[in-house]
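The structure under discussion appears below in the form of structure tokens.
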Amino acid sequence: MPSLNMIQALNSAIDTAMSADPNVLSFGQDTGYFGGVFRVTDGLQGKHGLTRSFDAPIAEAGIVATAIGMAVYGLRPCVEIQFADYIYPGYDQLVSEAAKIRYRSGGEFTTPITVRTPYGGGIYGGQTHSQSPESLFTHIAGLKTVVPSNPYDAKGMLLAAIADDDPVLFFEPKRIYNGPFDGWHDRPVRPWAGHELAEVPEGPYTVPLGQARTMRQGADLTVLAYGTMVWVSLAAAEEAGVDAEVIDLRSLVPLDIDAIVASVKKTGRCVVVHEAPRTSGYGAELSALVQERCFHHLEAPIQRVTGWDTPYPHAQEWDYFPGPKRVAEAMRRAMEG
Amino acid sequence: MPDGSIPPQDRPNAPKLSLHIPEPAGRPGDAPDFSALPLSPAGAAPRPAVEAAPRDTHGLAYDLIRVLDETGQAVGPWNPRLDPDHLRRGLQAMILTRAFDDRMHRAHRQGKTSFYMKCTGEEAIAIAQAMVLTREDMTFPTYRQQGILIARGYPLATMMNQIYSNASDPILGRQLPIMYSSKEFGFFTISGNLGTQYPQAVGWAMASAYKGDDRIAAAYIGDGATAEGDFHNALTFAAVYRAPVILNIVNNQWAISTFSGMAGGGLTTFAAKGIAYGLPTLRVDGNDFLAVTAATQWAEQRARSNLGATVIEFVSYRAAQHSTSDDPSRYRPADEFDNFPLGDPIARLRRHLTGLGEWDDARQAAAEADAVEQVRAAGREAEAVGTLGQSRPSVKTMFEDVYAGDDWRIREQRQEVGV
Ligand SMILES: Cc1ncc(C[n+]2csc(CCOP(=O)(O)OP(=O)(O)O)c2C)c(N)n1
Ligand SMILES: [Mg+2]
């Protein structure tokens, strides 16, 4: 099986979906001839033709809105928003329209669109190339929001998202496009090559949306993470010397609540980790759910490790990014509590 | 059919529909082809009175206002008749901007910073405009108008401190390199989000009118970003409220790998977009320092006379890569800039000044050497403070300026970091 990085795995997913279904098409800023600024759609125009993989005007509202129109017609557009930090002009179309068209039409019209977008920090991108806006979408009934953390899941989840009959926000952790970054920014970068989760089948397969993956079994505490923070959490468990059970949520909505509850009931302790700012971040929802469903099993307060409640800085990138040290400290606090 | 519509089998024999996707004239390996770019000879475009009705300017959306002809002479009604000192200062600022760009681009390659963007080939636009407007006016630039700061004598070392996100960065390492901010120099804080500042400039101009002041705003947007809704918001509000603002569109033919036709550039001109809003519209040779100056003066006088906004398209060419993250050899013919019909703004102004007897090769060489030396000296100063990662504003500053006042969440988070 070929070893692919996340970019190649995503490319393979779109290619596979386009090959299988003529109703699948891809567009976005610079995604056509050039193949995208992160190269995720590289070669698709050459292979599938100009009308199936093309460039879009710089208008995120237009990209989402035309994708909705196409989906209503019966196509399955998979569009790219170049950076999640630029998704906001398209927010109205996602929130007011894509999320509600099925409901308001009594199921008559549907919008099976996939909106792919690179998110997250750790690339010295400053405030407009680093944000993690996932909770702005998990808050919206009618939208699905998913975040893969490795090449295998990236392909399987993207194929599931494109096949899904509802609008899916597909957040791609760009810091781990090329390797499983664990948050130790001053250590050498590991590429995906050779990693078992980089073994990506060539053909079609799906990773169902709504199923978490246990990345590490453990008895001491449960870590709930997604995207880049999965790798940071694994590194933090080592740093803290804690037998942590690290759960990669993979899908925020729909959420694998059973996996979460089973693990927290087993460990009695929970640390929630994300890059996005703390206030109203998805971690708030996770802690509420754990508290509601596992209260009598909890032996310590739930810990949250998140980005700060500030815009994303440039110079202080590594003081902002919730790295393994901060996650490890939270693990120790959870163990003491 | 019972509802009166034509049954499918009886419909006229039209071809099947097909989806149109525009493509540029050339890709890597092709010969550059600018035949689709509408041009006019220098001096040909008429110059309406500053008080003209917007509709009497609309022809100019399809012309190209040019002053410098092929031989470098200033011709026609738009000749701003600038004194040689003004021209020399403009040329020197363009030379300095190019030298600065080259140095900072190299600094990125040497690992001294995370990012850089050049404005090579587009220097005349920002610099000529900065020399018409005052510092009390407010410019709302994109990332390609560093020429405004340089023309106004903003310290190069301070620009570098921002690029290095070091301890002397005036905006405290908060922004990506080149996203400068200087109220004192009439330079609004740059946003990385395209188009957002265009309608903000209109609001700023409305405020100046509301207060009965005489200050005007100038906004900048790229050809690609005109597709954003914010562009259209700006034009609507500017027209409706007759805001004293100059709405500049810098058409440098490319938006990263995407040609201007993807923003509708092949269907009409960008200047013509202003017509539907009832705004005056000028389409200008952006590589002609004199034409840029003349058009800006026209729009400036209009704005200051309470006649409202003007849309100006500057036709130019993005000679360098989009940014240090980009490789144009993957998507456009390599020698497009060499074949761009409007040439290089520095070479054109140099030729004009030389023709006037106000410049020569020795002065050019001296200006270039002086620019390199100024940049080098600034580089020494900034690097003494530190390049990216070597030096930075204190971590405490990361938690400041989120709000005007204190917020317990941020205070606690700062304490958690221990700063
Ligand atoms: C809202 C938004 N969408 C996308 C981007 C990513 N992006 C940065 S520059 C750029 C191209 C802009 O082209 P243009 O407006 O022509 O300006 P130029 O770079 O040519 O000066 C794109 C797509 C962004 N910064 N903001
Ligand atoms: Mg452009």
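Below, the figures for the structure above:
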| read-out | value |
| --- | --- |
| Answer residue from region A:290-303, given it is touching a residue at least 12 places away in the same chain (Cβ under 8 Å) and surrounded by fewer than 17 Cβ atoms within 10 Å (Cβ to Cβ) and is nearest to A:LEU136 (Cα to Cα) among those | A:ARG293 |
| Candidates B:VAL372, B:VAL315, filtered to the one that is open to solvent by less than 10 Å² (accessible area, probe 1.4 Å), at pLDDT 95 or above and β-branched (Val, Ile, Thr) | B:VAL315 |
| Residue identified as at positive phi and either modelled with pLDDT under 95 or open to solvent by less than 10 Å² (accessible area, probe 1.4 Å) (or both) among A:GLY36, A:GLY32 | A:GLY36 |
| Check on B:ALA218, in contact (Cβ under 8 Å) with a residue 40 or more places away in the chain and either surrounded by 24 or more Cβ atoms within 10 Å (Cβ to Cβ) or near ligand 2 (Cβ under 9 Å from one of its atoms) (or both) | yes |
| Counted residues, region A:103-125 - those being within 18 Å of the chain's Cα centre (by Cα) and outside any loop (DSSP other than H, G, I, E, B) | 6 |
| Among residues of region B:292-315, those that are part of a helix (DSSP H, G or I), under 25 Å from B:ALA263 (Cβ atoms) and touching a helix residue (DSSP H, G or I) at 6+ places or on another chain (Cβ under 8 Å), counted | 2 |
| Residue ranges of strands (runs of 3 or more DSSP E) in region B:189-288 with at least 3 members more than 15 Å from ligand 1 (Cβ to nearest atom) and more than 14 Å from every other protein chain (Cβ to nearest Cβ) | B:281-285 |
| Complete set of residues in region B:165-182 that are at the interface with chain A (Cβ under 8 Å from one of its Cβ atoms) and at positive phi | B:SER165, B:LEU172, B:GLY173 |
| Test set (1) touching a Ser or Thr at 6+ places or on another chain (Cβ under 8 Å); (2) away from ligand 1 (no atom under 16 Å from the Cβ); (3) of a type outside the set (S, T, N, Q) - B:MET160 fails condition number | (1) |
| Odd one out for B:PHE340, checked against (1) within 14 Å of chain A (Cβ to nearest Cβ); (2) open to solvent by less than 20 Å² (accessible area, probe 1.4 Å); (3) within 16 Å of ligand 2 (Cβ to nearest atom); (4) of a type outside the set (Val, Ile, Thr) | (1) |
| Residues of region B:230-269 satisfying the condition of being under 25 Å from B:GLN321 (Cβ atoms), in contact with a strand residue (DSSP E or B) (Cβ under 7 Å, 6 or more places away or on another chain) and more than 10 Å from ligand 2 (Cβ to nearest atom) | B:PHE231, B:ASN248, B:MET262 |
| Unique residue being modelled with pLDDT of 95 or more, within 15 Å of ligand 1 (Cβ to nearest atom), surrounded by fewer than 22 Cβ atoms within 10 Å (Cβ to Cβ) and part of a helix (DSSP H, G or I) when the list is A:ASP92, A:ASP85 | A:ASP92 |
| Residue in region B:303-325 that is over 19 Å from the mean Cα position of the chain (by Cα) and within 16 Å of ligand 2 (Cβ to nearest atom) present | yes |
| Residue that is farthest from A:GLY90 (Cα to Cα) [pool: residues in region A:35-75 that are part of a loop (DSSP other than H, G, I, E, B) and hydroxyl-bearing (Ser, Thr, Tyr)] | A:THR51 |
| Options A:THR306, A:THR279; residue that is within 30 Å of A:THR128 (Cβ to Cβ), within 14 Å of another protein chain (Cβ to nearest Cβ) and open to solvent by 40 Å² or more (accessible area, probe 1.4 Å) | A:THR279 |
| Filtered residue count, region A:110-134, keeping only those that are open to solvent by 30 Å² or more (accessible area, probe 1.4 Å) and over 30 Å from A:PRO2 (Cβ atoms) | 4 |
| Unique match (being away from chain B (no Cβ under 12 Å) and open to solvent by less than 10 Å² (accessible area, probe 1.4 Å)) among A:ALA13, A:ALA20 | A:ALA13 |
| Single match in B:LEU194, B:LEU172 (criterion: modelled with pLDDT of 95 or more, within 16 Å of ligand 2 (Cβ to nearest atom), open to solvent by 10 Å² or more (accessible area, probe 1.4 Å) and not basic (Lys, Arg)) | B:LEU194 |
| Verdict on B:TYR143 being assigned to a loop (DSSP other than H, G, I, E, B), touching a Cys at 6+ places or on another chain (Cβ under 9 Å), within 14 Å of chain A (Cβ to nearest Cβ) and not small (Gly, Ala, Ser) | yes |
| Residue among B:ASP3, B:ASP102, B:ASP63, B:ASP85 that is open to solvent by 30 Å² or more (accessible area, probe 1.4 Å), acidic (Asp, Glu) and under 22 Å from B:PRO341 (Cβ atoms) | B:ASP63 |
| Residue that is β-branched (Val, Ile, Thr), surrounded by fewer than 24 Cβ atoms within 10 Å (Cβ to Cβ) and not assigned by TED's automatic domain parsing to the domain that holds A:GLY69, where the choices are A:VAL232, A:VAL253 | A:VAL253 |
| Those residues of region A:1-34 which are under 21 Å from B:THR258 (Cα atoms), over 21 Å from the mean Cα position of the chain (by Cα) and of a type outside the set (A, V, I, L, M, F, W, C), in sequence order | A:ASP30, A:GLY32, A:TYR33 |
| Hey, B:GLN297 over 26 Å from B:GLY203 (Cα atoms), modelled with pLDDT of 95 or more and open to solvent by 40 Å² or more (accessible area, probe 1.4 Å) or not | no |
| Complete set of residues in region B:131-149 that are within 19 Å of B:GLN297 (Cβ to Cβ) and without any contact (Cβ under 8 Å) to a residue 40 or more places away in the chain | B:ILE148 |
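Condition check ((1) more than 14 Å from chain B (Cβ to nearest Cβ); (2) open to solvent by less than 40 Å² (accessible area, probe 1.4 Å); (3) assigned to a loop (DSSP other than H, G, I, E, B)) across all residues:
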| residue | (1), (2), (3) |
| --- | --- |
| A:LEU136 | yes, no, no |
| A:ALA141 | yes, no, yes |
| A:SER149 | yes, yes, yes |
| A:GLY156 | yes, yes, no |
| A:ALA160 | yes, yes, no |
| A:PHE171 | yes, yes, no |
| A:ASP182 | yes, yes, yes |
| A:HIS185 | no, no, yes |
| A:ARG190 | yes, no, yes |
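The values are calculated or read from the model by the stated rules, or taken from the named source; none is laboratory data. What you see is a predicted model; the values in this text were computed from it and never measured. Don't worry about glycine lacking a Cβ; one is built from the backbone with ideal geometry, like all the others, and counts go over all protein chains shown. What goes into the accessible areas is simple: the full protein's heavy atoms, side chains included, and nothing from ligands, DNA or RNA. Shrake-Rupley method; radii C 1.70, N 1.55, O 1.52, S 1.80 Å.
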